[in-house]
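Trainee: I am attaching a structure below and will ask some questions about it afterwards.
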Amino acid sequence: MSQHGRQYAEAGVDLAQAERAKQRIGRAVASTRTPLSLGHLGAFGGMVKVPPGMRSPVLVMSTDGVGTKVLVAQQAGRVDTIGEDLVNHSVNDILVHGARPLAFMDYIAGAGLSEDVLAGIVEGVARGCRNHGMALAGGETAQMPGLYAEGEFDLAGTIVGVVEEEAALHGERIVPGDLLLAYASTGLHTNGYTLARRVIFERAGLTLTDQLPGTDASVGDALLAVHQSYSAALMPVLPLVHGIAHITGGGIAGNLVRVLPEGSAAVIDAVSWQLPPLFRFLQEAGGISTEEMRDVFNLGVGLIVAIPASSLAAVESAARTAKLTSWVVGRIVAGTPSVSFAE
């Protein structure tokens with residue numbers, strides 16, 4: 001190490017290690033470039049073109065993180081999937097508006113992060129971007145000792161998508177008589193980890209390597225299951241869809257109500273599916289009421305779409321083609337915007 005970098009390293013930032021991570025990150029970013037990418041790697045800003053041929057393109061943007069799932073990843077020493085979680089979550093958020101992804105930017109902040117951790121996170125982000133034909137246009141990695149404890153980090157990202165103005169989904173097409181089709185989640189996705197960690201690690205006394213009761217998976221594998229993307233199932237049939245809700249923090253009711261227009265209420269058939277084993281264990285081991293479970297967790301439902309009954313067969317077929325499980329979970333009725341559960 002050169003003398004001019006020694007004091008910075010002693011203060012908690014290793015420039016040599018940061019440079020090695022930067023080179024790996026550069027290769028990951030380069031692997032996501034698309035025909036719409038412009039500019040050079042390492043520039044101060046990322047650039048992408050709007051796809052040609054669009055009449056009235058609207059940019060759709062969203063920023064999010066993966067919450068305290070990062071603590072599970074840190075504890076497990078597995079950071080290769082949380083970047084993919086972040087991308088898939090973000091893709092779903094703009095899919096709600098009918099948008100296709102164009103570009104992504106990530107932000108990693110922490111302290112004492114190794115080359116493998118920094119590059120591993122971004123490599124996961126890049127994998128998620130490649131899966132969606134989206135450019136990782138840039139990002140930031142910030143080592144901030146004093147603000148973060150040694151080895152701790154947080155992860156966030158911003159997505160930019162595009163949709164024709166006339167095709168954008170806002171929920172106003174939803175009408176009484178529409179069916180609600182649910183798509184299965186892969187687990188907690190990226191929400192509810194604060195309560196889940198308390199139940200699993202503190203109350204139940206399990207470790208990441210223990211088998212999760214009722215399953216063949218370890219606790220670590222169950223908690224780090226990658227957030228499902230629903231893009232492949234829905235992009236081919238978006239013109240048939242009246243509205244979409246991504247089921248994240250706040251559960252089914254808290255997210256579905258966000259897309260309901262005046263005059264429409266949602267009724268969820270609570271017996272149309274069984275709680276997956278992870279959620280059953282959390283409820284039983286934590287002594288959590290059904291009402292709180294519904295408020296905190298997705299309960300095995302990652303996305304809900306409102307569609308006319310005449311479109312059900314086509315939309316279900318697209319889900320099967322994408323190898324996703326779907327089922328009719330409820331319906332839209334006349335009423336003020338609200339979500340209720342029918343037992």
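The values are calculated or read from the model by the stated rules, or taken from the named source; none is laboratory data. Computed from a predicted structure; not experimentally measured. Every residue, glycine as well, gets a Cβ built from its backbone with ideal geometry; the counts of neighbours run over all protein chains shown.
Trainee: Restricting attention to the stretch 133-156, report how many residues are over 17 Å from GLN23 (Cβ atoms) and surrounded by fewer than 24 Cβ atoms within 10 Å (Cβ to Cβ).
Mentor: Residues of the stretch 133-156 over 17 Å from GLN23 (Cβ atoms): 133-135, 137, 142, 144-156.
Keeping just the survivors that are surrounded by fewer than 24 Cβ atoms within 10 Å (Cβ to Cβ) gives 133, 142, 144-152, 154, 156.
So the answer is 13.
Trainee: What is the number of the single condition among (1) in contact with a strand residue (DSSP E or B) (Cβ under 6 Å, 6 or more places away or on another chain); (2) over 13 Å from ASP106 (Cβ atoms) that GLY77 does not meet?
Mentor: (1)
Trainee: When only residues in the stretch 176-235 that are among the charged types (D, E, K, R) and more than 19 Å from VAL79 (Cβ to Cβ) count, which is surrounded by the fewest Cβ atoms within 10 Å (Cβ to Cβ)? Let's see the steps before the verdict.
Mentor: In the first step, residues of the stretch 176-235 are kept if they are among the charged types (D, E, K, R); the result is 178, 197-198, 202-203, 210, 216, 221.
Within this subset, residues satisfying the condition of being more than 19 Å from VAL79 (Cβ to Cβ) are 178, 198, 202-203, 210, 216.
Numbers: ASP178: 23, ARG198: 13, GLU202: 10, ARG203: 12, ASP210: 13, ASP216: 8.
Selected residue: ASP216.
Trainee: Filter the stretch 280-306 for residues that are in contact with a Pro (Cβ under 9 Å, 6 or more places away or on another chain) and of a type in the set (A, V, I, L, M, F, W, C); which is farthest from ALA225 (Cα to Cα)?
Mentor: Looking at the filtered set, the residue picked out is ALA285.
Trainee: From the list ARG100, ARG197, ARG173, pick out the single residue that is modelled with pLDDT of 95 or more and over 30 Å from PRO308 (Cα atoms).
Mentor: ARG197
Trainee: Quick test of your reading of the structure: ILE94 fulfils all but one of (1) crowded, with 23+ Cβ neighbours inside 10 Å; (2) part of a strand (DSSP E or B); (3) not basic (Lys, Arg). Name the failing condition by number.
Mentor: Tallying (1) crowded, with 23+ Cβ neighbours inside 10 Å; (2) part of a strand (DSSP E or B); (3) not basic (Lys, Arg), ILE94 fails exactly one: (2).
Trainee: Out of ILE252, ILE244, ILE268, which single residue is modelled with pLDDT of 95 or more, part of a helix (DSSP H, G or I) and under 26 Å from ALA314 (Cβ atoms)?
Mentor: Values: ILE244 fails: part of a helix (DSSP H, G or I); ILE268 fails: part of a helix (DSSP H, G or I).
On inspection, the qualifying residue turns out to be ILE252.
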